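Enquirer: The structure follows.
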Amino acid sequence: MRKNDKRTLHKTARDKTGNTESIIQRVACLTSCGQYQKGLDVARSAPWDSRLRNAAGVCLMRMGRAKEAVDLYRSLVLQPGCTWTRPDIPLIHKTNFATALLLAGHPAGCLEILDEIHNDQLAVVQNLRTAIVRWQKGLKFWQKLDWRVGRVEPRNCFVPIDFEPGQFDWPPQTRQVSDVPAAIESDTHSAGSMVPTA
């Protein structure tokens, strides 16, 4: 391969990475102001890589569309045709999948993912486990017995949480608060011409 060809490939890779990070930042800014649908539209408007799919999943969870988030993360996190997670998937995607499962009424599935992670020092893992323990205390006797013996979930299971669900693939924001409205205004104009994919 010629040197010029290598430079072109490297530049393309850098541009793609930078564009993805810019989109994730825009989505994070929109959701921080409660504009979840606009954030979802932005995430879905670009060619999806794993980080943009994760961003869409965060928006879905915060919109109360947990079942859709579970379907998204299942295809992203699990090995095709299997029930265990892919080893190459970022940890944040796994914890988001666990969160989506919990919000969708599947605490057993949430715990299965957390057990695979093997890192109870993470704040999100602690939050999820605490929510399940708190929920478990409110079960009736036979429900508790079924849960403790075989992790059998009650019908129409609902586990409340006291934290904002989902995390983006984005480092702590350096953007000033005064800059956020301008970014959102720009995103609103661009999102208006975007058609979300199914």
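The values are calculated or read from the model by the stated rules, or taken from the named source; none is laboratory data. Because the structure is a prediction, the values reported are computed rather than measured. With ideal geometry, Cβ positions are generated from the backbone for all residues, glycine too; neighbour counts draw on all protein chains shown. Just so you know, the surface numbers come from the protein's heavy atoms only, side chains and all, with ligands and any DNA or RNA stripped out. Shrake-Rupley method; radii C 1.70, N 1.55, O 1.52, S 1.80 Å.
Enquirer: So Trp84 passes all but one of these: (1) within 20 Å of Phe168 (Cβ to Cβ); (2) surrounded by fewer than 17 Cβ atoms within 10 Å (Cβ to Cβ); (3) in contact with a Leu (Cβ under 9 Å, 6 or more places away or on another chain); (4) not charged (D, E, K, R). Which condition number does it fail?
Expert: (1)
Enquirer: In the range 129-171, which residues are among the acidic types (Asp, Glu) and open to solvent by 80 Å² or more (accessible area, probe 1.4 Å)?
Expert: Asp162, Glu164
Enquirer: Condition check: over 26 Å from Thr31 (Cβ atoms) and either in contact with a strand residue (DSSP E or B) (Cβ under 6 Å, 6 or more places away or on another chain) or part of a loop (DSSP other than H, G, I, E, B) (or both). Does Asn156 satisfy that?
Expert: yes
Enquirer: Tally up the residues in the range 77-102 that are in a helix (DSSP H, G or I) and either among the aromatic types (Phe, Trp, Tyr) or more than 12 Å from the chain's Cα centre (by Cα) (or both), please.
Expert: Matching residues across the range 77-102 total 2.
Enquirer: Let me ask another. In a loop (DSSP other than H, G, I, E, B), at pLDDT 95 or above and in contact with a helix residue (DSSP H, G or I) (Cβ under 8 Å, 6 or more places away or on another chain): does that describe Pro165?
Expert: Taking the combined requirement at face value, the residue satisfies it.
Enquirer: Then there's this: Residue under question is Gln126, and the condition is that it be more than 19 Å from Ala69 (Cα to Cα) and crowded, with 16+ Cβ neighbours inside 10 Å; does it hold?
Expert: no
Enquirer: Could I ask something else about it? I need the full set of residues from the range 46-76 which are assigned to a helix (DSSP H, G or I), out of contact with any Ser or Thr (no Cβ under 8 Å at 6 or more places or on another chain) and of a type outside the set (D, E, K, R), in order please.
Expert: Ser50, Asn54, Ala55, Ala56, Gly57, Leu60, Ala66, Ala69, Val70, Leu72, Tyr73, Ser75
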